[in-house]
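Here the structure is laid out as C-alpha cells; the discussion comes afterwards.
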Amino acid sequence: MPRISTKGKNMPESPIRKLVPYAENAKKRGIEVFHLNIGQPDIKTPAVALEAIKNNTIKVLAYSRSEGSEEYRKKIAEYYAKNNIDVTADEIIVTTGGSEALLFAMGSIADPGDEIIIPEPFYANYNGFSTASGVKIVPVVSKIEDNFALPPISEFEKLITSKTKAILICNPGNPTGYLYSKEEIEKLAIIVKKYDLFLIADEVYREFVYDNVQHQSVLHNFGLENNAIIIDSVSKRYSMCGARIGCLVSKNKDVINTALKFAQARLSPPTFAQIASEAALATPQSYFEEVIVEYKERRDILIEELHKIKGIKAASPKGAFYCVVELPVDNADKFAQWLLEEFNLDNQTVMVAPAAGFYSTQGFGTKQIRIAYVLKKEDLITAVSIIKAGLEQYNKTN
C-alpha cells in the first residue's frame, strides 16, 4: 500500500476544529452548542463589499495578476497610510488569506531545518505552516501570570543560533489577546537588527484594540525597513473570513521578489474576493467604532463572569477577541470533550478550544482553554454559567 509522507503524518490537527464531530453529535441529540472555539465574527460583513459582488458585470472571470490587482494594491497602500504605515503597491503581494502570506514568508526566508522563534502560546496553525515549510519553531514561553507579555529579550537571545532566521509575533495576539507595547516592539527591533533576523508580524487584528491603547506596527518608525514582514488579512477586519484574501507586506525588495515567485506558482488570488475586499476598504470608520465598542463590552462581561468562577485564571486581553483561561481541571482537552459528550445545562453546552494546541512545548497549556468572545453578550453570560456548572460536575465525577 502506498505510504503517506512523514511531513503529512507530522502535520498537527487543528485544536480549534478537532472537537467538531463531538459538537455535531451533541446538536443531533438536540443540544444547543455555544461556539466559543473559533474566531468567526458574528458582526455583519460591510454591505459595500457584498454589493460589489452582487452588482458586478464581469463577463469572463479571468486570472488576476499573481501579486494581486494593481488597483487593489494601491488602495491597500492608501489604507496603510491612514495607519501611519508607509508602503507602496509594489511592496504588497495579495494572498489567499493571511495563511498563504505566512507560507510565502516562511518559504522566502527559511530553508528546511532553519528556525523561527515564536512567543508561545501562538496561533495554532503556525505549527502547521512550519511543518509544511520544513521550518522548526523554537518557542519562547510567555506566561498567563504576566498576562502573556513579551518574554525578556535575554530569553530570545539564549535561543538564537546560526539556523535562526526570524522572530514571529502576532499583534494583537491570537490566542492571548495581548497587545505589544511600543517599548516591546523597540526591544524586538534591536535584537533582530543585532542578529540580522527578520521580524514577521501577524497584524490581522490591528483594528481590534481596546482601552484607548494604540496598535504598534513593525513598520512604524522602528528602522525595520530591511527586517520587517507584515502578514495581514481582511478576514477579521471586515468579518470576511470566507473571502480568503490577505497580503504580505515588506519594504525588503528581496522578500517581495522571492514571495512573488511563490505567488506565480499558484497563479493568482481569487478575482471576486479581491473585488469584495477592494470595496470593503471604503467601509466608514463608524463601522469600526461600533465594532470596537461591541467587542470591548463583550470582553468586559466575559472577564467579569469568569472571575466569578473559583479556581480559574483569566488573562486580560487588550486586543483581538480571544482570552486564555486556566481551569481547575486535570486536562482541558478531556474537559472540552466531556462538555460536548456528557454534559448539558438546560439542554445547552459549550465548545471551547483546548489551549495545548497553541503551544509547541509538550505538556504546556494542558489546563488552559481559549475563548473567542464572538457571541452576543447574553450568550456569553449563558456560556460562562455552563462552564461553571460543568466544572463543578466534572470535578466531582473525574
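The values are calculated or read from the model by the stated rules, or taken from the named source; none is laboratory data. Every value quoted in this text rests on a predicted model; they were computed, and no experiment measured them. Note that we place each Cβ from the backbone using ideal geometry, even for glycine, and neighbour counts take in every protein chain shown. Surface accessibility is based on the protein's heavy atoms, side chains included, excluding ligands, DNA and RNA. Shrake-Rupley method; radii C 1.70, N 1.55, O 1.52, S 1.80 Å.
Which peptide among 47-58, 333-344, 240-251, 68-79 comes first, and what is the full order, when sorted by highest mean count of other Cβ atoms within 10 Å?
So the order, starting with the most tightly packed, is 240-251, 333-344, 68-79, 47-58.
Among (i) 33, 26, 21; (ii) 69, 26, 18; (iii) 32, 26, 18, only one was calculated for this model; which label is it, if the read-out is semi-axes √(5λ) of the Cα gyration tensor in Å? It is the one labelled (i). On the beta carbon distance between ALA62 and LYS334, with R0 = 35 Å, the FRET formula returns roughly 0.10. Among the listed pairs LYS367/LYS388; LYS28/LYS310; LYS182/LYS251, those with a Cα-Cα distance over 22 Å are LYS28/LYS310.
Averaged over residues, the count of other Cβ atoms within 10 Å places the peptides 142-153, 168-179 in the sequence 168-179, 142-153, highest first. Helical runs assigned H by DSSP (4 residues or longer) give the chain a calculated mean residue ellipticity at 222 nm of -12000 deg cm²/dmol, each run adding -39500 (n - 2.57) before division by the residue total.
Net length available on complete extension from GLU24 to ASP86 is 17.7 nm, with 0.36 nm assigned per residue and the Cα-Cα distance removed. Applying a length cut-off of 15 Å (Cα extent along the axis) and a mean Kyte-Doolittle floor of -1.0 to the DSSP H helices of the chain leaves 97-109, 182-194, 253-265, 285-306, 377-397. Averaged per residue, the chain has 45 square angstrom of accessible surface, using a 1.4 angstrom probe with ligands and nucleic acids left out. From the residues VAL204, GLN348, PRO151, which one has its Cα farthest along the dipole of the chain in the positive direction, the dipole being from +1 and -1 charges on Cβ of Lys/Arg and Asp/Glu about the Cα centre? Farthest along the dipole direction, towards plus: GLN348. Of the solvent-accessible surface of the chain, computed with a 1.4 Å probe and all protein chains present, 50% belongs to carbon and sulfur. By the compact-protein rule of thumb, 2.2 N^0.38 Å, the alpha-carbon radius of gyration of region 1-80 corresponds to a ratio of 1.80. If you run the Gaussian network model on the chain, springs between alpha carbon atoms under 10 Å, then out of PRO270, PRO21, PRO317 the most flexible one is PRO21. Length available on full extension from ILE4 to ALA389: 0.36 nm per residue minus the Cα-Cα distance, which gives 134.3 nm. Take each peptide in 282-291, 357-366, count the other Cβ atoms within 10 Å of every residue, and average; sorted highest first, the result is 357-366, 282-291. Across all C-alpha atoms in region 25-170, the radius of gyration and Dmax reach 20.4, 58 Å.
So which of LYS236/LYS308; LYS75/LYS194; LYS7/LYS165 end up more than 24 Å apart by C-alpha? Walk me through the numbers before you get to the answer.
Values: LYS236/LYS308 30 Å; LYS75/LYS194 34 Å; LYS7/LYS165 21 Å.
Flagged as over cut-off: LYS236/LYS308; LYS75/LYS194.
For region 347-361, the Karplus equation 6.51 cos²θ - 1.76 cosθ + 1.60, evaluated at θ = phi - 60°, returns couplings of 6, 10, 8, 10, 10, 10, 9, x, 7, 4, x, 9, 10, 10, 7 Hz by residue, with Gly and Pro reported as x.
Rounded to the nearest 20, the Cβ-based charge dipole of the chain about its Cα centre (Lys and Arg +1, Asp and Glu -1) stands at 880 debye.
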